[in-house]
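Below is one structure, written out as structure tokens; comments come after it.
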Amino acid sequence: MQNELFEEDKNLDELLSKAEDIELGTTAWPQTLAELVSIFKDEMMSGAVALDEDKALSLAKRLVARQAHHMGGRQFYLPRDERLRKAIRDVEIWQRYNGRNVAELQREFDLTAQQVYAILREQRQLERDRRQAKLFG
């Protein structure tokens, strides 16, 4: 789904390849972008991906450049702590929902049926909004 955001942008590949060549210690990378590169690199080296440092750094720069290309110039909110956990939980419930497993989801996530249905309603609306944006964007 994310690839569709960039299909029409012919300059993105050039931007991404140039991003790999920028040294982090220079002023070419604003502090916030450099911090994001560092966070992504560290995760790719220690997480499930476990890349070597050079590959992790290269990929981290590309990911940050892609994110900046898509989200740059906008103010947006990134949840943290409990709100982040709740957002991840809600997406997981949406992905695992099969139309017949509300009781199972209730038990697993320690929620009431009403809470599960409210999460499903919210996630369904978010999915609908994402899809409809493509129709008119």
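The values are calculated or read from the model by the stated rules, or taken from the named source; none is laboratory data. What you are looking at is a predicted structure, and each value in this text was computed from that prediction instead of being measured. Using ideal geometry, Cβ is built from the backbone for each residue, glycine included, and neighbour counts are taken over all protein chains shown.
Residues that are surrounded by fewer than 10 Cβ atoms within 10 Å (Cβ to Cβ) and polar (S, T, N, Q) within region 86-111 comprise Q95, N98, listed in sequence order.
The C-beta contact set for region 81-97 (first residue assigned by TED's automatic domain parsing to the domain that holds R121 and among the basic types (K, R), second residue part of a helix (DSSP H, G or I) and modelled with pLDDT of 95 or more, distance under 9 angstrom, 6+ apart or interchain) comprises R89/F109; R89/I119; R96/E104; R96/L105; R96/E108.
Within region 24-50, take every residue that is at pLDDT 85 or above and farther than 22 Å from D13 by Cα and give me the one that is surrounded by the most Cβ atoms within 10 Å (Cβ to Cβ). Looking at residues that are at pLDDT 85 or above and farther than 22 Å from D13 by Cα, I get M45.
Scan region 112-132 for residues that are β-branched (V, I, T) and surrounded by 14 or more Cβ atoms within 10 Å (Cβ to Cβ) and report the count. Outline the logic, then answer.
Kept after step one, since they are β-branched (V, I, T), are these residues of region 112-132: 112, 116, 119.
Those left that are additionally surrounded by 14 or more Cβ atoms within 10 Å (Cβ to Cβ): 116, 119.
Qualifying residue count for the region: 2.
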